[in-house]
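Below you'll find the structure, written out as structure tokens, and then a few comments.
What follows is calculated from the coordinates using simple rules that are stated; it is not laboratory data. All figures in this text were calculated on a predicted structure; none of them were measured in a lab. Note: ideal-geometry Cβ built from the backbone for every residue, glycine included; neighbour counts use all protein chains shown.
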């Protein structure tokens, strides 16, 4: 598995990208049927549409949301430190953030097992 910016790949391949399938580890940033995607698109709009909604920016948005939850846990224990942040993240356990399930623990730092496929089209778009 190697990371690829899906839209960058579509742009680079152009018409030769038609039919290329890419596995995604976050929900589609293009389909607002999921709560997390609606919140993501709303955040972009509120910030003045300065960010391109794509899989990379969606992953960053999710990472920031999860990081914030871990920070809240760390703050609840008193002083925020490296150790309290690690404990906060590991203490998240299984929960749902805006409809997206995540799981952390002392032996589980993966966060998610979500996978879905997308396909590049010949006109530079990503079909989900």
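Data for the structure
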{"read-out": "Which listed residue is more than 18 Å from the chain's Cα centre (by Cα) and within 22 Å of residue 23 (Cβ to Cβ), from 110, 128, 121", "value": "121"}
{"read-out": "Residue list for region 102-118, restricted to those being within 19 Å of residue 34 (Cβ to Cβ) and either loosely packed, with under 13 Cβ neighbours inside 10 Å or in contact with a helix residue (DSSP H, G or I) (Cβ under 9 Å, 6 or more places away or on another chain) (or both)", "value": "102, 111, 112, 113, 115, 116, 117, 118"}
